[in-house]
Amino acid sequence: MIEIYLRLVDKILTPIIFLIAIFLFLRGHDMPGGGFIAGLVAASAIELTILARGTQATRDRYGPWAVPLAGTGLTIAVGAALLGMYNGGFFRSIWLEFSMAGEKLKLGTPQLFDLGVMFVVVGMAITYLLRLGEAAEVAVPEQTRLERQREDRHR
Amino acid sequence: MTLDFWLEVLLAVMAFSLMICFVRLYLGPNPPNRTVAFDTITSHAIGIFALLAMRSKAAALLDAAIVTAVLGFVGTVMLARYIEQSNLQDWESDEE
């Protein structure tokens, strides 16, 4: 079930997709992007890993992180919303402006909330993609039907 | 003949070509044909995104094109795996 070509693609493409996810995450709020979309793109990178390396290797790599990641994300999101209480109400945003070398960098609780959403989406996606992959591998035994047919023809 | 005019022409050509791809997706006698049609449709989507980004000068559409490319690739790989694991005999009998 592990393809050589797909493993090469996975080695090259997965870091690039994660970079796209980080880029989309950092651009959030004022322009297209944000935590949810970044989480979905990261989930597609993980799906590519599952397709290339099989569910067992992927579970060894990402499995222990999935559920704690979702929990941490939910905590961060709620914490970011509660931080807004300092500024007058639930979900009010607090912005910090840094200036470095003439460039302004704005960080605030919306970014923190987006980070939480991204963690929740990634953790949930890892869980269900691994479950789906395992179900598919149980449904089809190791030797695929196509290979079996080829062997039958050779006989 | 300005750039905008040729962008319109290219969009029209892409739209027509996309329509033909959808016809193949609808008619396609078996799953491999439909998979190829799906892959072609995602390529068309990327091209149309790029042309629209040029026409409206919206750089954000290029990100949509990148994400479409990634998701289209993963989708095609999943469909290919599904075809690999299925029974080819069923489709051969359909064509007769």
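When the helices (runs of 4 or more DSSP H) confined to the stretch A:1-86 are screened for residues that are open to solvent by 40 Å² or more (accessible area, probe 1.4 Å) and of a type in the set (D, E, K, R), those reaching at least 3 such residues are found at A:4-27, A:35-62.
Taking into account only those residues within the stretch B:41-89 that are surrounded by fewer than 17 Cβ atoms within 10 Å (Cβ to Cβ) and of a type in the set (D, E, K, R), which is farthest from the other protein chains (Cβ to nearest Cβ)? Of everything passing the filter in the stretch B:41-89, B:R55 is farthest from the other protein chains (Cβ to nearest Cβ). Set side by side, the residues A:G79, A:G39 differ, and just one is within 13 Å of another protein chain (Cβ to nearest Cβ) and over 15 Å from B:F73 (Cβ atoms), which is A:G39.
The values are calculated or read from the model by the stated rules, or taken from the named source; none is laboratory data. Keep in mind that what you see is a predicted model, and the values were worked out from it rather than measured. Positions of Cβ are backbone-derived with ideal geometry, glycine not excepted, and every protein chain shown enters the neighbour counts. Each accessible area value is taken on the protein alone, full model and side chains, heavy atoms only, with ligands, DNA and RNA left out. Shrake-Rupley method; radii C 1.70, N 1.55, O 1.52, S 1.80 Å.
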